[in-house]
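Please treat every number below as a calculation from the coordinates, not as lab data. Not measured: the values here are computed from a predicted model. Glycine also receives a Cβ, built like all others from the backbone with ideal geometry; neighbour counts cover every protein chain displayed.
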Amino acid sequence: KDHSASYQFMKAIGAAAVCYSAIGDIHNMRYYAGLSTYAATLRQLRWWLDGVIREEKVKLVLKTTDIPEPGTATPGAILGIEGGDALSGKVDRVDEFYKMGVRIITVVHYHNNEIGDIMKARPNSDPGPYRGGLSREGRVIIDRMQEIGMVVDVAHTERTTLQQIAEISRRPLIDSHT
C-alpha cells in the first residue's frame, strides 16, 4: 500500500509528475540497520518499481517526453536518489541506477561522501570527514551523470563542492531545495 504523499493526491491535484527519491545516505536510519547504503537504496527503489509503478498507479518517467500532460489519469514518477553515498564513489553504479530508471541524484545529503562535502550537518550527527570539495571520484561521477543525461542535483552541497561542480559541468544543474 502506498503511504507516500500519495499518487491519489497527485492525481487529484492534476500533478504531471513528481520525484520519488530514495534516501541514499541511511547512516542514521534504524529501518535499514545492517544494510549498506547501496543495498538500502536498491530496496527503496525496488519498492516503488515493484509497487506503484508496476501496478501502473504512476508512470515511470525516463525522458522528458514521458511526462504526462497535467491532469491525466496517471501521473509521472521520476526516480531519484537523495545522497550519492549509495554510489560509493563507483562510476559504474551511475549506469546501474540509470538502467533501473533513476534520472536524478542529489550528490550529497546529510553526510560527506566519496563525491563531496555537505553544507551543514544535522544536529547531533557526525557528517564524516570533510574533503575540501569535489573529490576525484566525484568529478568522474558528475561527468558520467551528465554524459548519459542524468540530472545532477546540488542541494545540500557545501560552497566549494558546489563551485567545483559548476566549473566542470557541461549541462544545467538543479538545486532542488536549499
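Scan around Ala17 for amide H atoms under 5 Å from its own, H built in the peptide plane at 1.01 Å from N, and keep only partners 5 or more places away or cross-chain.
Excluding prolines and chain starts, which carry no amide H, the hits are Gly76.
Helix-only mean residue ellipticity at 222 nm, the chain, DSSP H runs n ≥ 4 weighted -39,500 (n - 2.57), per residue, nearest 500. What is it? Each step should come with its number before you reach the end.
Working: 5 runs with 52 residues, N = 178.
Taking each H run of at least 4 residues, the total per residue is -8500 deg cm²/dmol.
Here are some values of Cα Rg over 2.2 N^0.38 Å: [x] 1.03; [y] 1.26; [z] 1.32. Which one was computed from this structure?
Looking at Cα Rg over 2.2 N^0.38 Å for this model, the match is [x].
Glu114's amide H: which non-local residues (gap 5+, or another chain) put their own amide H closer than 5 Å, with H modeled 1.01 Å from N in plane and none for Pro or chain starts?
Counting only residues 5 or more places away or on other chains, the set is Gly89.
For the modelled label position 7 Å from the Cα of Arg122 along Cα-to-Cβ, which residues of segment 98-115 have backbone nitrogen atoms closer than 13 Å?
109-112
Mind grabbing the base-10 log of I(q)/I(0) for segment 27-94 at q = 0.17, 0.23 Å⁻¹? Debye formula, identical points on the C-alpha positions, no solvent, two decimal places.
-0.74, -1.02
Between Asp66 and Ile148, what is the label-to-label distance in nm when each label sits 7 Å out along the Cα-to-Cβ direction?
For the pair Asp66/Ile148, the computed spacing is 1.3 nm.
Quick one: what are the phi-derived ³J(HN,Hα) couplings along segment 107-121, Karplus 6.51/-1.76/1.60 with θ = phi - 60°, whole Hz, x for glycine and proline?
With the stated coefficients, segment 107-121 comes to 5, 10, 9, 9, 8, 4, 9, 5, 8, x, 10, 8, 7, 7, 7 Hz.
For a protection proxy built on the mean count of beta-carbon atoms within 10 angstrom, sort 154-162, 142-150 highest first, please.
Listed from highest to lowest mean packing, they are 154-162, 142-150.
Per residue of segment 19-26, what does 6.51 cos²θ - 1.76 cosθ + 1.60 with θ = phi - 60° give for ³J(HN,Hα)? Whole Hz please, x for Gly and Pro, Karplus curve as stated.
Result, ordered by residue: 9, 9, 9, 6, 8, x, 10, 8 Hz.
If amide H atoms are built 1.01 Å from N in the plane of the peptide, which residues on other chains or at least 5 residues away come under 5 Å of the amide H of Val154?
Ile174, Asp175, Ser176
Using DSSP to define loop residues, name the trypsin sites (Lys or Arg not before Pro) in segment 55-108 whose beta-carbon has at most 16 other beta-carbon atoms within 10 Å.
Those satisfying the criteria are Lys63, Lys90.
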